[in-house]
Every structure is written in structure tokens, then in C-alpha cells.
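Peer 1: Let me begin by handing over the structure; questions about it come next.
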Amino acid sequence: MAGLLSMVVVLGCFSNQLSASEPADWLLDTITTEVTLTNEGEGDIVLSNGLISRSFLLSPDFGTVDFYSFGTDASILRAISPEAVVTLDGEDYNVGGLLSSVQPDYFNRTDISYQVDPTAFHYVSHTTSQPVAPFHWEPGLRHSPRYSQWPPQGLTLQVQFGPPAIVKRPEHANVIVIISYEMYVGIPLMSKWVSVLYSGISPVRIDSCVVELLATQKPYAPSVFDAYPFPWEHDNNAPTSSWLYVETTIAHDSAVEWSQDPRAQFFPGSDQPYLTVYYSSGPGVFMAGNSQVGRSRVRDFPQPTLIEFDSFKTLLLVTDSSDRERVSLSRARMTRLLTPQTQENPIFFHATNITSDGFRASIDQMASVGFEMFIFSFGTSFQLENMSPAYLQQIAADVQYAAGHGIEVGGYDLVCLERGQGGYGGNVGPQWDVVDPTSGSLGLDACFASGWEDKITNIFLTWVQQVNLTMFETDGPYGGGPCSSHNHTHHWDVEDSVYWQTRLQGEFFMTLKEHNVFFNQPDWYFHQGGNKVAMGYNEDQYSLPRWQDLSISRQGMYDDTYHFIPTQGWMFVPLIDYHGGFAPAAFEPLSQHLLEYEWALAQYLGYGVAACYRGNELYDAPVTQALVKKWVDFFKQYRDILISDIVHVRRPDMQDYDCILHVNPRINNRGLAMVFNPTGSYPLLEPDPPPVLHRHLQQGPGVSGGEFPTHCIQPG
């Protein structure tokens with residue numbers, strides 16, 4: 001096999017200067033146009049950043065009357081819809097009472113009149129402010145780009161709505177709704193969320209909340225209508241066939257749904273896409289004017305209650321294209337803007353020899369080759385929930401030794417899933433177990449809206465403050481399941497259980513983010529401060545023979561980097577046996593599998609994707625030490641471009657070469673290609689890259705022209 005393998009690294013400094021006739025492209029050029037709110041005409045206000053704009057009418061009531069893309073010089077909007085819908089105690093209220101006389105099949109602006117829905121919440125006032133960071137983060141942390149801006153630059157429009165003159169229940173007269181529209185500098189992106197404030201005494205329940213409703217033109221809707229709780233999983237289906245990409249900022253309990261406008265039945269032959277973004281269950285939260293979240297429960301008064309409810313954010317990214325590569329790069333820009341901590345990129349070692357001697361030997365190895373983070377791996381004797389003072393002191397002494405070598409230390413814990421009745425992670429206690437809504441019996445998971453959330457948060461904070469851990473691999477965070485307990489501290493019943501568990505798991509991450517903690521968390525908690533998820537792999541693939549594992553993993557990275565930036569996910573290198581693959585799957589003894597080990601280092605570091613190198617040691621001989629150091633040095637030398645966006649040149653099929661191209665118009669090394677040839681059918685060790693790569697370098701996003709110096713990696 002060794003004689004049939006070759007790789008090429010192509011590095012170039014390319015110019016992205018535009019000719020005078022070329023229009024600016026926000027993916028290539030730094031757009032500095034400020035976000036503004038302007039008055040246009042009588043009763044109109046327009047929120048715009050020069051790439052998109054959203055126009056609102058204030059009178060006779062508030063409503064979106066245009067959503068415009070300057071990229072296509074066309075309106076996205078087809079008809080007027082409510083701004084939101086909230087359901088209070090079983091009663092539906094539209095928010096924004098603007099009604100239109102025109103038919104919804106197309107927007108006839110030449111013949112239009114407006115009316116008011118008397119049953120809706122009505123416009124009161126509006127204000128503006130600057131975006132606020134949802135969690136603590138510092139640009140440049142763990143080698144992330146220092147040019148990142150946090151919080152992002154932009155403008156937030158807050159619109160207040162009061163209740164209708166005649167409410168459906170007396171308590172609803174004490175409800176105020178605020179809708180926030182936030183637009184950002186330099187990207188055709190805006191976010192929107194709904195807040196509900198209550199000043200009454202008797203509890204009011206928010207049964208459901210629709211955060212966004214848009215009647216769009218057909219190009220801005222997907223080709224297949226459906227509800228997508230996780231839109232990024234459907235790259236080959238509906239969402240990315242749309243010129244408008246939509247997702248939300250919570251890991252669970254939201255849905256992005258495209259359907260035919262209910263009004264379409266009255267206009268045969270018209271295509272009327274309709275977007276609704278809503279809570280898929282609940283939220284089911286109670287509000288009361290004298291509420292205090294987390295106080296002791298009084299059984300005749302629901303607890304916990306809120307004075308103010310804030311929904312998730314809906315993200316609206318106007319791509320003006322269904323081209324998969326451009327949509328991918330657009331989403332990458334959104335990720336880097338709104339969740340910049342995902343760009344942190346430490347090189348970490350999942351250590352399995354965790355005795356004090358083994359720990360220090362690993363630290364010495366890591367320091368000699370340039371690794372940056374030690375992780376007490378799963379399946380070892382490490383116990384993060386062991387709060388014995390002697391145990392904490394022992395680990396703290398080892399952590400201090402690592403700090404002396406400039407190496408951070410983290411640890412593994414199974415947080416929520418499989419921590420209930422019969423769960424393989426050990427039961428946290430029946431008083432904190434999920435109660436199954438169907439059977440009424442205790443479930444496999446812990447409820448994260450029970451007292452367990454308080455306990456596990458305090459445990460993690462102790463490890464940060466007393467032991468100086470700066471990283472956690474929080475396996476099995478809250479996964480989205482309901483709990484029907486009526487005795488848990490932080491939720492009332494099954495209706496609010498998903499909301500509170502999702503919220504409290506997010507607050508857990510945000511609390512620890514105040515201490516600059518780094519997280520591997522296998523779930524979508526990025527908007528709450530999480531750093532990485534598993535990059536779409538199946539754990540059983542690491543039981544395959546090494547070359548099959550490497551090939552399948554490279555295919556997975558190629559596919560997954562359409563919806564992850566490289567630093568947003570992790571892969572896995574089983575230095576020792578994992579899941580029963582035994583000797584054919586394990587990379588140890590490392591000196592006997594040099595080619596496979598080098599290929600692993602090259603493909604993961606070359607993709608800019610962190611791999612969990614899990615085993616007893618990073619090298620077992622001078623030759624393996626030199627091998628690891630060579631690739632770590634390569635990664636560090638070109639780190640800025642290797643953690644940048646990816647243009648996909650040719651997918652790995654093991655029948656020909658495969659290739660990716662890292663691109664970044666904001667740095668000097670604007671392009672770096674990794675070319676892999678697993679076939680030996682022709683050499684890729686020539687001075688010039690393959691023609692298809694040359695074409696991408698000439699025409700692809702972020703680069704144009706230039707020379708193509710190459711760095712070749714010889715097999716064996």
C-alpha cells in the first residue's frame with residue numbers, strides 16, 4: 001500500500017484585487033457599510049446594511065412590507081404576514097396587526113391598502129441599540145483569529161407591542177411583546193427574536209410561540225417543503241436549494257418549516273412558499289409579575305416563573321444562490337460572526353495513561369512535539385464527579401506541572417444522557433431522573449431541569465476554580481427529551497420541561513465560558529458557547545482497519561465541511577483499540593505503522609480539523625517523534641489558512657486524487673490546497689497542481705492568479 005500513496009500541499013499567496021468593473025462581493029471583500037435605521041416616507045422605517053434591507057410600516061399598524069436583497073436587486077417578500085404569534089393560556093394572538101388588501105400570490109404594490117386586525121397586539125414604540133454578546137469570549141483565544149469582532153457589529157431594532165383593546169383573558173392586558181430585529185455589518189444576515197413581558201400577579205402560560213412568519217418568493221424557498229429541526233443535516237435536500245438559509249440558535253425544541261401558504265387554495269396555479277419558525281414543543285413557561293426563577297416551589301403557584309421570556313433567535317441568511325459551495329461559504333461566514341469561539345483550535349491528546357507518572361510523561365511528549373491540550377479520556381479511571389479533597393489536590397498538582405509546559409488540561413464527563421434509571425453512565429439519583437411521559441416510569445437520562453443541574457454545575461465550577469481545568473468534554477449533554485415530573489426544581493410539568501432543560505444546559509455552558517473554558521460537546525450548543533461537535537462520524541468506523549478508517553474519515557470531513565467550519569468539529573484517531581477493532585484498527589505500535597500514522601496527521605491537520613488522538617503515547621521512537629513534530633510544525637506554520645474556509649475541489653472516492661482548497665481573502669496566505677492520491681494511478685508530485693485545482697485557484701472564491709509553490713509528502 002505504501003507505494004500507492006502520495007500527497008501534495010499547494011500553498012500560494014494570491015491577490016484578490018478587483019478590477020474597476022467588478023462589483024464588490026461580500027464573501028471576498030470587507031464591506032464596512034454601517035447598519036442604519038432610516039425613515040422613508042410617511043410611517044415607513046427601513047433597517048439596512050447595504051446588502052439586504054427590511055422595511056416596516058408603522059401605521060395603521062406595524063408590519064414587514066418589504067424584505068429586499070441588493071444581491072439580486074429583488075424583493076424576497078410575496079405577501080404580508082403577522083410578525084409573530086404567541087399563544088397565552090390557550091389563546092392565540094398575532095403580534096403586529098397590519099393587514100393588506102392585495103392577494104397573497106404576488107405583491108401588487110401599485111394597488112394596495114392596509115387595515116388593522118383588532119385582535120392583534122399593536123405597535124407602541126421602537127428603539128435601537130447595539131448588539132450584545134450572549135456569552136463571554138475573547139478574540140485570539142486559543143489561536144482563533146484576532147480580527148474577529150465580538151460582539152458582532154450591527155444594529156438592533158426593538159419594537160414594542162401592546163395588547164388589543166379587548167383581550168381574551170383579563171390577565172393578558174398586562175402582557176407586552178417586544179420583537180427584536182438585528183442586522184449585521186458586511187453580511188446579508190439578520191436575526192429576530194420575541195420577548196414577552198408580564199406585570200400581572202396571576203400566572204400566565206406561554207403555550208407556544210411562532211418567532212418568524214414570511215411569505216416569500218419561490219427562489220427564496222426550498223424545492224421540497226418540510227419542517228427541519230436541524231437544517232444543516234439536509235444539504236442535499238431542501239434548505240440549501242433555497243436562496244434564503246434559515247436556522248435557529250438553540251439545540252432543541254425549534255423547527256424551521258416551509259409549507260404552502262394556507263391562502264394558496266384560493267389562487268389556483270400560484271406557488272406560495274410560507275416560512276414559519278416556532279417552538280416544536282412548548283415553551284410552556286409560566287409568567288408572573290412577582291416571579292423569581294429558582295425559588296422554592298409552592299404547589300398552588302407554578303414554579304419556576306418568569307417576568308420576561310426571550311425566545312430563541314431565528315437567523316435569516318440571504319445567499320442569493322443555491323450553489324452548494326457559495327451557500328457553504330456563506331454559512332461559514334455566519335458561523336464565524338455569531339459563534340466565533342468555534343474558531344479556537346488547540347491540538348489535543350486524549351490520554352489513557354492517567355496515573356501521575358503517565359500524565360507527566362504525556363505532558364513531556366506533548367511539549368516536545370507541540371501539542372497544546374491534555375484531556376483525561378473516557379474509559380479511564382478519571383472521575384470528574386469525585387469531589388474528594390485529596391483527589392482534587394492530586395489532579396491540581398499534575399495540572400500545575402502541565403501549566404509549566406504551556407499545556408492546558410481538560411477532562412471527560414457524561415453529563416445528562418444515560419445518567420438515569422439503568423443508564424450506562426450511572427444513576428445520578430432517582431429524585432433527578434427523567435420521568436417518562438408515556439409510562440410514568442423513571443427514564444434512562446437525568447433531567448437537566450432538576451437538582452442535578454445545580455449539582456453538576458457546582459462540580460464543574462469547582463474543577464475550574466480549584467484544579468484549574470480549562471477544558472471539558474461534556475459527553476451526553478441534554479438531548480431534547482421531555483420529563484413529566486412534577487417535583488423537579490426547575491420545571492413545572494412536561495409542557496415546560498424541554499424549554500427549561502434546553503435553556504439550563506445552555507446556561508451551564510455560558511456560566512463556564514465566563515472562565516474561558518473550552519468545550520467538546522456532541523450537540524448544537526454553539527450559540528451558548530460550545531466549541532466543537534463530533535464531525536458527523538459513526539464511532540464504529542474506528543474499529544475498521546486503519547486504511548479503511550482513514551479513507552472513510554476523509555470522505556466524512558469532505559462532506560461535513562460543507563456545513564461545519566474546519567475548527568467546529570472533531571474526528572478520531574484510535575491509537576489504541578476502540579470499540580473492538582483490535583490490532584488492525586489501532587495505530588499502536590506507532591513505529592510499526594508510520595505511513596498510516598503520517599497519513600492521519602496529514603489529513604486531519606491538513607483539513608484544519610482537530611482529531612482526538614486517543615492512546616497511551618504520541619510517539620514510541622525518535623522516528624515517530626520526528627513524524628509528529630513535522631506535521632504539528634506544518635500546522636502551526638500555516639495555522640491561519642488551515643483553519644480558514646474550505647472550497648471543495650474533488651471528493652475522496654479512492655479511485656482518483658481528492659482535494660480541498662483552504663481560502664481566506666483576509667490574510668497573506670490566501671490559499672492552501674491539500675491533495676491526496678490513494679491510487680498510485682499517476683503521481684501528484686509534479687511542480688504544478690492538477691488542472692482542476694488550477695482552475696479553482698484561478699476562479700474560486702478568495703483567490704485569483706498567483707504562483708503555485710508546492711510541498712510534497714513522500715510516502716514511507
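Peer 1: So which aspartates and glutamates can Lys636 reach, going by Cα to Cα under 15 Å and dropping same-chain residues fewer than 8 places off?
Peer 2: Straight-line reach from Lys636, under 15 Å: Glu344, Glu372.
Peer 1: Classify region 569-633 as rounded, prolate or oblate from the Cα gyration tensor: take a ≥ b ≥ c as the square roots of its eigenvalues, call it rounded if a/c is under 1.5, otherwise prolate when a/b beats b/c and oblate if not.
Peer 2: oblate
Peer 1: Would you mind computing the Rg to Rh ratio of the chain from its alpha-carbon coordinates, Kirkwood style for Rh?
Peer 2: 0.99
Peer 1: Separate question: So who's got an amide H within less than 5 Å of the one on Thr305, skipping anything under 5 residues away but keeping other chains? H placed 1.01 Å off N, in plane.
Peer 2: Gln292, Gly294
Peer 1: Can you find, among Ala626, Gln130, Leu414, the residue sitting farthest towards the positive end of the charge dipole of the chain, where Lys and Arg contribute +1 and Asp and Glu -1 at Cβ?
Peer 2: In the chain, that residue is Ala626.
Peer 1: With every protein chain left in place, what is the accessible area per residue of the chain in square angstrom, probe 1.4 Å?
Peer 2: Per-residue accessible area for the chain comes out at 37 Å².
Peer 1: Rounded to the nearest 500, what is the 222 nm mean residue ellipticity of the chain from helices alone, with -39500 (n - 2.57) per DSSP H run of 4+ residues and division by all residues?
Peer 2: The helix contribution divided over the chain gives -6000 deg cm²/dmol.
Peer 1: Of the heavy-atom accessible surface of the chain (probe 1.4 angstrom), what whole percent is carbon and sulfur?
Peer 2: Carbon-and-sulfur percentage of accessible area, whole number: 51.
Peer 1: Where the centroid of each part is defined by its Cα atoms, how far is region 452-481 from region 598-628 in Å?
Peer 2: Rounded to whole Å, the Cα centres lie 29 Å apart.
Peer 1: At a Cα cut-off below 23 Å, give the lysines reachable from Lys513, other chains included and same-chain residues fewer than 8 away excluded.
Peer 2: Lys313, Lys455, Lys532
Peer 1: Tell me, how many Å apart are the Cα centres for region 349-410 and for region 116-186?
Peer 2: 43 Å
Peer 1: Could you pull out every residue, at least 5 positions away or on a different chain, whose amide H is within less than 5 Å of the one on Val256? Hs are placed 1.01 Å off N in the peptide plane, and Pro or chain starts have none.
Peer 2: Amide H to amide H, under 5 Å and 5 or more residues apart or across chains, Val256 pairs with Tyr228.
Peer 1: Taking Rh as the Kirkwood radius computed over C-alpha pairs, what is the Stokes-Einstein D of region 474-537 at 10 °C in a medium of viscosity 1.306 mPa s, expressed in µm² per second?
Peer 2: Answer from the Stokes-Einstein relation: 126 µm²/s.
Peer 1: Once you sort the root eigenvalues of the Cα gyration tensor of region 38-177 as a ≥ b ≥ c, which label holds: rounded (a/c under 1.5), prolate (a/b larger than b/c) or oblate (the other case)?
Peer 2: oblate
Peer 1: Oh, and also: Please quote Rg/Rh for region 595-656 to two decimal places, taking the Kirkwood radius as Rh and restricting both calculations to Cα atoms.
Peer 2: 1.01
The values are calculated or read from the model by the stated rules, or taken from the named source; none is laboratory data. These numbers come from a predicted model, not from an experiment. Virtual Cβ from ideal backbone geometry, glycine too; neighbours counted across all protein chains shown. Just the protein is used for accessible areas: all its heavy atoms, side chains included, with ligands, DNA and RNA removed. Shrake-Rupley method; radii C 1.70, N 1.55, O 1.52, S 1.80 Å.
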